[in-house]
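Chemist: Sharing a structure below in structure tokens format, with a few things to ask.
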Amino acid sequence: MSVKVAVRVRPFNNLEIQQNQPLCIAMNGSKTIHFDSTQTKEFDFDYSFWSHDEFEVDEKGYRRPLPNSRYADQKMIFNTVHQDTIPQLFQGQNCCVLSFGYKRSGRSYTLSGTPENQGLIQNFVKEIFQQIAEKQNITTKYEVYTSMLFIFNEKIYDQLSPTDTSELKIRENELQGVFVENLTKELVDSPKSFDVLMNKGIHKAEKYLFKMSYVLSYANIIFKIEIKETKTLGDQKVENFYLINFVDLVCSDRMEKQKDSNKNIGTQLSTLGEVICKVLLLSQPQDQKIFVPYRCSKLTRFLQNTLNQKSNIFLFLSISPAIDKIQQTLSSLKFANKIMKIKKNIINNIKVSENQQILEVNEAQIQTQTKIIQSSIKQQIENTEEQESNQNTQYFQQFDNSEAIQSDTNIKYQAIISTKDGIIELQPLSQESCEQIFINNHQVKELTKLSHGDRISFGNATSLLIQYSGTEIAQTESKLTLTQKDTIDVSEDNQIIQEDNKSVKFDQN
């Protein structure tokens, strides 16, 4: 759902040129500036179209912009509106194009145009048939229907019925929604056939209002286009309907004679503005239920199917550039600006809400990341502590194993070396010791006499060399218990075995 608001200023007409009327409108981008000798007011809309000057008329009568000019011709107006409506129309979003303005403001020119400068309606019909030609195939068919009516003094009349001029009633049911009972609906097979029906409808409305001494400018004219899509899915057929309403909407022009009509016009316009504003408010979350006053006028009641949250709404204001219409122009600009303000407030609220959601999401993400980092750090600390604990456990296990091995080695490698009468002997203390003690690479199995230069090996780590010094042999006996230690002491006669030098010396005195 979207609501777009645009303003278009027309050229001076012949009367204004003759009267040499000063200009009271300027435009800059999307801004429309309203000014006189005493004050200046600036309004910001979705679009501000400058169609006052800077154009030329070609050989076919078409008003085209001069090179590098800002003139907005009929094609530019259509391209702007079309890009926001027709693509969504075939996706199920109905559309309502409202062209409004006071009498002789140029609103009908924007909507209906002339034979040389066709307006929005004719260009839309051409584009619709072009889209149908591209989309239609064996399983998908399209039909286009049109209806035309005008609302005057809160009464609805059919523009296409050749004879019936009676007032029509608005009805509603679940299948059709809101509709006008007995309203003529004509099948259209080409843009040309639509133009014929359109001219027929306008001619009938003019004829009827002329009889009642009114002019067409004081009636709201509605052109309804209905697209029927039929899809064949196997043995089943699915029908979809897409609607677009074009409304030539008159504003109150301070009419003097038609006071009752003027009052109804003002009511219709104010109700229309209220409905659009309420539909805009419905597009954002509300704490309270919003009532949309569709039933307050026949115009909004009929347009209900295209003035809702599932529709695209394009509001087109046409204004005069002449200063003699300054009050009507200012009143129309304020009306359009009211809708624009509500739209901007809603957009700002949505942006604030989106920013708040982004902040909340970012804060949640930061909290989540913080928790993940804290959990990761905690896990790393626990893993480090566990690793240190495992290392300590392994160290103590290795230490205990080392002690056990050492204790076991002490048992296995124990032996006695004794000297008596100049003879050195080695006596293993157990059978296990025999398996680990070698003399000159020969296993010791029993008491063995040691000679000068013998090398005693204990397991794989300890090796001792026996050396004699002197010529006399001591008459003493020394007992030595050998283990795998750095230093081993001999208890008698100051005899020492030094493992650091891997030799054992005995002094003979």
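Chemist: In this structure, does Thr409 turn out to be exposed (fewer than 11 other Cβ atoms within 10 Å of the Cβ) and modelled with pLDDT under 75?
Modeler: So Thr409 does not fit the description; no.
Chemist: For residues that are out of contact with any Asp or Glu (no Cβ under 9 Å at 6 or more places or on another chain) and among the small types (Gly, Ala, Ser), scanning just region 282-322, find the one that is modelled with the highest pLDDT.
Modeler: Ser318
Chemist: To continue, here is another question. Does at least one position in region 302-314 carry a residue that is assigned by TED's automatic domain parsing to the domain that holds Glu154, over 25 Å from Ile86 (Cβ atoms) and in contact with a Lys or Arg (Cβ under 9 Å, 6 or more places away or on another chain)?
Modeler: Scanning region 302-314, I find no residue that is assigned by TED's automatic domain parsing to the domain that holds Glu154, over 25 Å from Ile86 (Cβ atoms) and in contact with a Lys or Arg (Cβ under 9 Å, 6 or more places away or on another chain), so the answer is no.
Chemist: Moving to a separate point now. Do you know which residues across region 307-331 are over 14 Å from Lys278 (Cα atoms) and hydroxyl-bearing (Ser, Thr, Tyr)?
Modeler: Ser318, Ser320, Thr329, Ser331, listed by residue number.
Chemist: Now for a separate question. Quick check: anything in region 453-461 surrounded by 14 or more Cβ atoms within 10 Å (Cβ to Cβ) and modelled with pLDDT under 75?
Modeler: Yes, region 453-461 has at least one match.
Chemist: Now a separate question. Could you check region 28-125 for strands (runs of 3 or more DSSP E) lying wholly inside it with 2 or more residues that are on the phi > 0 side of the Ramachandran plot and touching a residue at least 12 places away in the same chain (Cβ under 8 Å)?
Modeler: none
Chemist: For region 24-67, name all the residues that are of a type in the set (Asp, Glu) and touching a Leu at 6+ places or on another chain (Cβ under 8 Å).
Modeler: Glu54, Glu56
Chemist: Restricting region 1-59 to residues that are touching a Gly at 6+ places or on another chain (Cβ under 9 Å) and of a type in the set (Ser, Thr, Tyr), which is surrounded by the most Cβ atoms within 10 Å (Cβ to Cβ)?
Modeler: Here the answer is Ser51.
Chemist: For region 162-192, which residues satisfy the criterion of being assigned to a loop (DSSP other than H, G, I, E, B), polar (S, T, N, Q) and without any contact (Cβ under 8 Å) to a residue 24 or more places away in the chain?
Modeler: Passing the criteria: Thr163, Ser166, Gln176.
Chemist: Also, quick follow-up: With the condition kept exactly as written, say whether any residue in region 153-170 is among the polar types (S, T, N, Q), under 40 Å from the mean Cα position of the chain (by Cα) and either surrounded by 12 or more Cβ atoms within 10 Å (Cβ to Cβ) or modelled with pLDDT under 95 (or both).
Modeler: no
Chemist: Restricting the search to region 132-161, which residues are within 28 Å of Thr230 (Cβ to Cβ) and assigned to a loop (DSSP other than H, G, I, E, B)? Spell out how you get there, then give the answer.
Modeler: The first filter runs over region 132-161 and keeps only residues within 28 Å of Thr230 (Cβ to Cβ), leaving 132-149, 158-161.
Scanning region 132-161 gives Gln136, Asn137, Ile138, Thr139, Gln159, Leu160, Ser161.
The values are calculated or read from the model by the stated rules, or taken from the named source; none is laboratory data. Quick caveat: nothing in here was measured; it's all calculated off a predicted structure. Glycine also receives a Cβ, built like all others from the backbone with ideal geometry; neighbour counts cover every protein chain displayed.
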